[in-house]
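In what follows, a single structure is set out as structure tokens and then discussed.
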Amino acid sequence: MSRIIFWDYGHEGSAEVAAAAAIGMSLTHPGRILLLNEVKAGTNVEAGFSLSDQYQGRGALPLTEYGIDALLRLSANQRLSAANFSDYTQPVIKGKLDLVSGSREECLENSHESGEKLGRVYAAAEQAYDFIFTGSRFSSGAVAVAGPHNLPKGRLLSVAVLRQNRLELERFFGDMVSETNGANVTDAIVIQHYDHRSQWSAGNIRRRFGCKLPLYVIPHSTEFMDAWNNMNILRFIRLHRLLPRRRPAKEGFMSGLANLCDGLYRLAAGRDVYSRGGEKGA
């Protein structure tokens with residue numbers, strides 16, 4: 001089992017990338033995946049999904065009987081296990097991808113106690129799923145409990161979602177060499193809304209900052225952003241994965257997503273992917 005956390009510096013792109021990668025890997029790689037929203041229902045990694053009928057057919061129980069609220073209560077009562085975990089999730093892709101909706105009561109506070117509570121939920125999830133995807137939480141633009149300053153140890157991959165922005169890149173690579181903030185736990189970089197025509201290409205970023213981490217690019221896609229805002233990214237990714245039947249253009253969104261999914265799968269398997277991903281020659 002590998003837990004994969006996507007984080008950013010506050011522009012919220014990590015949630016979009018985490019959700020898209022979870023769907024993409026579910027459709028292309030073996031293993032069972034959980035996409036978990038730690039914060040407010042309808043936000044973060046679940047914002048791109050339409051959940052209005054997610055629990056249809058499960059009886060007349062209120063929505064608080066499902067999602068992170070129910071999982072936390074079950075865990076507190078020592079009734080949560082790998083056997084019943086999926087009963088409190090939304091099946092997104094049957095047998096492959098489940099979604100844990102966020103809190104409908106109140107957001108978890110950024111504290112050691114809340115981290116311990118979530119840790120027990122993750123411990124149960126790790127027994128039921130091969131991969132757990134989540135997006136980090138923020139407070140005033142800073143990475144909070146789930147961010148790189150407080151990442152739990154173990155089988156966890158940290159993925160920084162950045163932009164082709166000089167100040168943001170300088171901040172990240174400055175953090176990488178600092179021993180005071182823990183940012184060196186980052187395992188991979190994703191450049192979101194990537195423009196292959198920019199002077200700040202993946203290859204130039206590598207050379208400028210001496211980057212040795214796996215670096216992947218997700219080109220900007222108006223269609224994906226519309227799908228995210230219209231809460232139908234599952235349909236978008238399924239459709240564009242099938243059409244056209246040839247490999248997508250090198251600079252295309254789906255090609256970038258496919259490279260990211262391949263890279264994450266190899267990273268999770270403990271393989272060396274430092275020469276893979278990103279642009280050719282990066």
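Just so it is clear, none of the values below were taken in a lab; they were calculated from the coordinates. A quick note: this is a predicted structure, and the numbers were derived from the prediction, not measured. Quick reminder, even Gly has a Cβ in these numbers, built from the backbone with ideal geometry, and neighbours come from all protein chains shown.
Please list, in chain and number order, the residues 5+ apart from Leu157 or on another chain whose amide H is under 5 Å from its amide H, with Hs placed from the backbone.
Sorted by chain and number, the residues that satisfy this are Arg3, Ile4, Ile5.
Residue by residue through segment 220-231, what is 3J(HN,Hα) from phi via Karplus (6.51 cos²θ - 1.76 cosθ + 1.60, θ = phi - 60°)? Round to whole Hz and write x for glycine and proline.
4, 9, 4, 5, 5, 4, 5, 5, 4, 5, 8, 6
Around His193, which amide H atoms from residues at least 5 apart in sequence, or from another chain, sit under 5 Å from its own amide H, with H modelled in the peptide plane?
Under 5 Å from the amide H of His193: Ile218, His220.
Apply the Karplus parameterisation 6.51 cos²θ - 1.76 cosθ + 1.60, with θ equal to phi minus 60°, to every residue of segment 42-49 and state each ³J(HN,Hα) to the nearest whole Hz, in sequence, with x for glycine and proline.
x, 10, 6, 5, 9, 5, x, 10
Taking K and R as +1 and D and E as -1, what net charge do the other residues with C-beta under 13 Å from the C-beta of Leu169 add up to?
Counting the neighbours of Leu169, the net charge comes to +2.
Can you give the net charge of the other residues whose Cβ lies under 9 Å from the Cβ of Val100, counting K and R as +1 and D and E as -1?
Here the charged neighbours net out to -3.
Run the quick spin-label model on Arg104 and His11: label points 7 Å from Cα toward the beta carbon, then report their separation in nm to one decimal.
It is 3.4 nm.
Mind running the shape call on segment 185-240? Use the C-alpha gyration tensor, a ≥ b ≥ c as the square roots of the eigenvalues: rounded below 1.5 for a/c, prolate if a/b tops b/c, oblate otherwise.
Here segment 185-240 falls in the prolate category.
How would you order 7-19, 258-270 from highest to lowest mean count of nearby Cβ atoms within 10 Å?
7-19, 258-270
What ³J(HN,Hα) values, in whole Hz, does the Karplus curve 6.51 cos²θ - 1.76 cosθ + 1.60 give for segment 158-173 when θ = phi - 60°, with x put for Gly and Pro?
So the Karplus estimates, Gly and Pro as x, are 10, 10, 8, 9, 10, 10, 7, 10, 4, 5, 5, 5, 5, 4, 4, 6 Hz.
Using the Cβ atoms and a cut-off under 14 Å, what net charge is assigned to the surroundings of Pro30, where Lys and Arg are +1 and Asp and Glu are -1?
Local charge sum for Pro30: +1.
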